[in-house]
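Novice: What follows is a structure written as structure tokens; I'll ask about it next.
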Amino acid sequence: MIKICDNAALDLRRADARKALESYECRILVCAGTGCIASGSQVIADTMRELCKELPNVTVECSGHVPHIGVAQTGCQGLCELGPLVRIEPWHYQYVKVKPEDCAEIVEQSVLQGKPVERLFYRDQKDQLCPKPEDIPFLAKQTRIVLEHCGNIDAVSLDEYIAVGGYEALSKALFQMDPDQVVDEIDRSGLRGRGGGGFKAGTKWKQVAAHKDADVKYVVCNGDEGDPGAFMDGSVMEGDPYKLIEGMTLAGYAVGATEGYIYVRAEYPNSVARLHYAIAQAEEAGLLGDDILGSGVSFHLHVNRGAGAFVCGEGSALTASIEGNRGMPRTKPPRTVDQGLWERPTVLNNVETYANVPDIVLKGSDWFHTIGTENSPGTKTFSVTGSIANTGLIEVPMGTTLREIVYDIGGGIKGGGNFKAVQIGGPSGGCLTKEHLDVGLDFDSVKKYDAIVGSGGLVVMDEHTCMVEVARFFMSFTQRESCGKCSPCRIGTKRMLEILERIVAGKGTMEDLDKLEEIAKFVQKNSLCGLGKSAPLPVISTLKRFREEYKEHITIKKCAAHVCEALKLYKIDQEKCIGCTKCARNCPVDAITGSVKKPHAILVNKCIKCGTCLSGCPVGAVHIE
């Protein structure tokens, strides 16, 4: 690879890269996000390459400069549940649920003739075909800035990133702006950290830049993303790694740091591999490392793979882990901006925050303020999972309502069910309900309802969800992941979990609800770090909004959602039962009485609630009350 030694060389490289990208007669874009890889997209990509190689007088390039047909593996195309996803350019066909046996038809019809394979198109709720991404409501109603390139270019091709405008921002900063101007631009943009707290990025950058006498400064990226159901940062790291690298390089230039670390959670092997590759490519091209673009500015990046501890998503625990110590939070002050990694001034933001930086530097802070809300400008990525028709990765302007996300983008509740709640902000977040469907999702608004935006995980729940069990599940997670350093979190989460477990087991008392609230408020007030302080939020929000559900579990020993095993009451409908004796013969504890061709009954005091009778009844006579 020829090194890009100055701005003119970068412009020339961009012109060549654009020419090469435009020279393809056809491009087969196979999604290589983790979700699609898991559902078999690697086989799809390999099959496409083999099929195209067999075509006469055709050259196939996976990431190169030869015209004709290109097979590229892109970042996440968004519709994760419907993978493997394949997009065919220039016709812009979007195919879903592609199987290896579909590849030959796609090549024959779409690649060679430009004709669609209609059976592979997405169908909307009205059963209408959606041939192109812009025809699919899930994709059409998004505003993609951070995820702009995901699904459109080869995820690891430096040339393709340069072709679509990559490194224009870095070039502008190095040759047209001094470091203080870059810091000021980020500060004026109002960019707030997308990792959960929503703290202004510009404030952090100013504080680190102010340490003029520091011998070393660091730029650290939090790519730990440990929330259940969250995969936004992982999708950026594996789908557009150069955008993250450019953003961190800009941060390094702005604050005077020469070293950077990307802390990636252990469960993201694709992100780790692609980051290593992208860093090597950027260094070889002269866009990273020493004397970047001949400017005399140096910035080096390292990838640090975490061990899977949720607490390492907290800033001071993360830096301790990079240093080789046990990941545990520390008291503050001193803060990370003053004494962070190896006790040096450190800028610490998450992946999505850095991925916003190139566009802000290139287009300006005024442009950024045209998107989102006044106090939360820009967009926010969300991973949408749970009981929703379309699960996947989305990006919308800050302030977008929950109703727009669930119904307009997500397609409503799966199976036509009723919306009950959404858990926002992961295990340290809270529940929003029907009354909050028209609340705009931004950092300040959701705080009023005992919730946080967090990193952006949205778990949608329908009427078949038990909110007491939801609280128990998330409390189990946070209790297990507590580092144990401070007693409010270590002991408090354990006591709350014990109470919740009693309630779902049908052994709770009304006094337990008062104890839950008391402990939750104590943990929230006295825990050492932000994770501990937010750990009780699922309990606080569900107690506030679903208190009757808690009472029902305690007073009448009933789980209306039929989720809590200990509270399930199995009964046999006497009118439906045909006396086949199948349930009695299969019951492992002989809890069913009755004779042949006569209605049977379940002995409640002997029933162990295994569900064998329910699943085995041929006429559906067994039900749960």
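Read-outs throughout are calculated quantities, based only on the coordinates presented, and are distinct from any laboratory measurement. These numbers come from a predicted model, not from an experiment. When we count neighbours, we look across all protein chains shown, and the Cβ atoms used for this are built from the backbone with ideal geometry, even at glycine.
Novice: Could you tell me the calculated FRET efficiency between His623 and Lys494, based on Cβ-Cβ distance and R0 = 51 angstrom, to the nearest 0.05?
Specialist: With a Förster radius of 51 Å, E is 0.90.
Novice: Stretch Asp124-Ile371 to full length: gain in nm at 0.36 nm per residue minus the Cα-Cα span?
Specialist: 86.1 nm
Novice: Would you mind telling me the antiparallel percentage of the DSSP bridges in the chain, rounded to 5?
Specialist: Antiparallel bridges make up about 55 percent of those DSSP assigns within the chain.
Novice: His302 to Val596: FRET efficiency via 1/(1 + (r/R0)^6), r the Cβ-Cβ distance, R0 45 Å, to the nearest 0.05?
Specialist: The computed FRET efficiency comes out at 0.05.
Novice: What angle, in degrees between 0 and 90 and rounded to the nearest 10, separates the Cα long axis of helix 7-22 from the longest principal axis of the Cα atoms of the chain?
Specialist: It works out to around 60 degrees.
Novice: Please list the non-local residues whose amide H lies under 5 Å from the amide H of Arg27, H modeled 1.01 Å from N, same-chain partners needing a gap of 5 or more.
Specialist: Result for Arg27 returns Gly70, Glu89.
Novice: Something else about it: Quickly estimate the mean residue ellipticity at 222 nm for the chain, helices only: each DSSP H run with n ≥ 4 gives -39500 (n - 2.57), and the total goes over all residues, rounded to 500.
Specialist: Value at 222 nm, helices only, nearest 500: -10500 deg cm²/dmol.
Novice: Still on this structure: Residue by residue through region 312-320, which ³J(HN,Hα) values in whole Hz follow from phi under the Karplus form 6.51 cos²θ - 1.76 cosθ + 1.60 (θ = phi - 60°), with glycine and proline marked x?
Specialist: With the stated coefficients, region 312-320 comes to 6, x, 7, x, 5, 5, 5, 5, 4 Hz.
Novice: Another one. Between Ala15 and Lys363, what's the calculated FRET efficiency when r is the beta-carbon distance and R0 is 25 Å? Round to 0.05.
Specialist: 0.75
Novice: Per-residue HN-Hα couplings for region 130-147, Karplus 6.51 cos²θ - 1.76 cosθ + 1.60 at θ = phi - 60°, whole Hz, x for Gly and Pro?
Specialist: 10, x, 10, x, 6, 8, 8, x, 4, 8, 5, 8, 9, 10, 9, 10, 5, 9
Novice: A follow-up question, please. Kirkwood Rh, region 265-361, all Cα pairs: how many Å?
Specialist: Value: 15.2 Å, from the Cα pair sum.
Novice: So how do 379-390, 203-214 stack up, highest first, on mean other-Cβ count within 10 Å?
Specialist: Final packing ranking: 379-390, 203-214.
Novice: If each residue's Cβ is checked for other Cβ atoms within 10 Å, how do Thr542, Thr331, Thr373 rank with the fewest at the top?
Specialist: Thr331, Thr373, Thr542
Novice: A further question follows. Based on other C-beta atoms within 10 Å, arrange Phe231, Phe473 from fewest to most.
Specialist: Taking fewest neighbouring Cβ atoms as first place, the list is Phe473, Phe231.
Novice: Next up: Enter the angle in degrees (range 0 to 90, nearest 10) between the Cα long axis of helix 510-526 and the first principal axis of the Cα atoms of the chain, meaning the one along which they spread out most.
Specialist: 20 degrees
Novice: Tell me, what is the percent relative contact order of region 364-443, built from C-alpha pairs under 8 Å that lie six or more residues apart?
Specialist: Worked out over region 364-443, it gives 26 percent.
Novice: How far apart, in nm, are the 7 Å Cα→Cβ label points at Gln181 and Arg403?
Specialist: Going from the Gln181 label point to the Arg403 one covers 4.6 nm.
Novice: Next question. Could you sort the peptides 77-83, 414-420, 132-138 by per-residue average Cβ neighbour count (10 Å cutoff), highest mean leading?
Specialist: Per-residue Cβ counts within 10 Å, averaged per peptide and sorted highest first, yield 77-83, 132-138, 414-420.
Novice: Then there is this: Output ³J(HN,Hα) for region 270-279: one whole-Hz value per residue in order, computed from phi by the Karplus curve 6.51 cos²θ - 1.76 cosθ + 1.60 with θ = phi - 60°, and x for Gly and Pro.
Specialist: 5, 4, 4, 4, 6, 5, 4, 5, 5, 4
Novice: Also, I was wondering about something else. Amide H neighbours of Gly78 under 5 Å, at least 5 residues apart or on other chains, H built in the peptide plane: list them.
Specialist: Leu393
Novice: Now a separate question. Test of understanding: what is the full-extension gain from Phe199 to Glu343, defined as 0.36 nm times their sequence separation minus their Cα-Cα distance?
Specialist: Between Phe199 and Glu343, full extension yields 49.7 nm more.
Novice: Enter the angle in degrees (range 0 to 90, nearest 10) between the Cα long axis of helix 487-504 and the first principal axis of the Cα atoms of the chain, meaning the one along which they spread out most.
Specialist: The angle comes out near 40 degrees.
Novice: How many nm is it between the label spots at Lys515 and Gln574, if each spot is 7 Å from the Cα in line with the beta carbon?
Specialist: Computed distance between label sites Lys515 and Gln574 equals 4.1 nm.
Novice: Expressed as a fraction of 2.2 N^0.38 Å, the rule-of-thumb size for a compact globular protein of N residues, what is the C-alpha radius of gyration of region 347-408?
Specialist: Working it through for region 347-408, the quotient is 1.28.
Novice: Rounded to whole Å, give me the distance from the Cα center of region 161-222 to that of region 272-325.
Specialist: First find each Cα centre; the distance between them is then 16 Å.
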